Amino acid sequence: MEERQYDLIFICRPDTPEADIDKVIATLEHTATEKGARIEKTDKWGRKRMAYRVNRLREGFYVYMDVRSANGEVVKELERRLKVADAVIKYMTIRVDEELKRQEKLKRHRERRAARRPRKTVPASAPAAPAPGSEQSAAAL
Amino acid sequence: MADEHAVQQHHAGPPSSSGHPAGPGGPGGPRPQGGPRPPGGPMKRGKRNFVRKKKVCRFCVDKVDYIDYKKADVLMSFIQERGKILPRRMTGTCARHQRWLGVAIKRAQNIALLPFAAEL
């Protein structure tokens, strides 16, 4: 079975202590492992100003998680936990594996097409130049 | 029958170019974005169609395959002050990237990285 990938972002109240945020993260990790998923990466973006007021707050503590799972049920459970947590004011889960797959496919197509055409001005860094360039731009955008 | 004094409408017949008997008298066919044309017919529009300089799609130039909704700074250049998404003809984005852009902007709005609507 293909492994699905989800982007899970949640926002905590800005005044929550770091320990509580870690507790939430730990709960989510625990839940994920229980359901057979794994958390590939956790990224704390820290306090950010939000574009609009949420629960009458202007700032929030953003946390990003990369969740990998074979099935989708784990997402429901994770979201349930987030809903229940008092510190969390907003959350969003997005399934991204299809998009990343398409991104990879496009990149491969482009590189193959570029390699087929004889590039006379580009030296041996030709395979290297498009790859980090497109990767960087793909990641940057 | 040399009846040429009155019966002129039968003569030439409606030319198939404009297709519409009351349409503009400019070059026939659909109205492409060509900028101000010497009006052969009545100028219907109130504002002028400025010639837009050829804009290329920023994403196509950078060969982007995925527009990340998390990059609010990039996305911000594609929304108006009020928070509305800018049309393609303003930004020069290609159709494919404009679709992806819309998706990314909506996602970012949902997660409060971009505003839905901002008062001027």
Determine the distance separating the Cα centre of segment A:77-106 from the Cα centre of segment A:22-63; give it in Å without decimals. 10
Quick one: which residues, 5+ away or cross-chain, put their amide H under 5 Å from the amide H of A:K90? H built at 1.01 Å from N. A:I11
Taking 31 Å as the cut-off for C-alpha to C-alpha distance, list the pairs among A:K105/B:K70; A:K48/A:K76; A:K107/B:K71; A:K41/B:K55; A:K76/B:K63 that go past it. A:K41/B:K55; A:K76/B:K63
Using θ = phi - 60° and the Karplus relation 6.51 cos²θ - 1.76 cosθ + 1.60, list the HN-Hα couplings for segment A:79-86 in order, rounded to whole Hz, with x at every Gly or Pro. 5, 5, 5, 5, 5, 6, 5, 6
What average count of beta carbons from other chains do you get within 10 Å of the Cβ of residues in B:68-80? 2
Could you compute the net charge surrounding A:I94? Neighbours are other residues with a C-beta less than 15 Å from the C-beta of A:I94; K and R count +1, D and E count -1. +3
Which whole number gives the average count of other chain Cβ atoms within 10 Å of the Cβ atoms across peptide A:84-97? 1
Once A:H109, A:H30 are ranked on solvent-accessible area with the largest value leading and a 1.4 Å probe, the list reads A:H30, A:H109
Sorted by accessible area with a 1.4 angstrom probe, largest first, how do B:C94, B:C60, A:C12 fall? B:C60, B:C94, A:C12
Per residue of B:57-65, other chain Cβ atoms within 10 Å number on average 5
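The values are calculated or read from the model by the stated rules, or taken from the named source; none is laboratory data. Being a predicted model, the structure only gives us computed values, none of them experimental. Counting neighbours? That spans all protein chains shown, and the Cβs are built from the backbone with ideal geometry, glycine included. We work out accessible area using only protein heavy atoms, side chains counted, and drop any ligands, DNA or RNA first. Shrake-Rupley method; radii C 1.70, N 1.55, O 1.52, S 1.80 Å.
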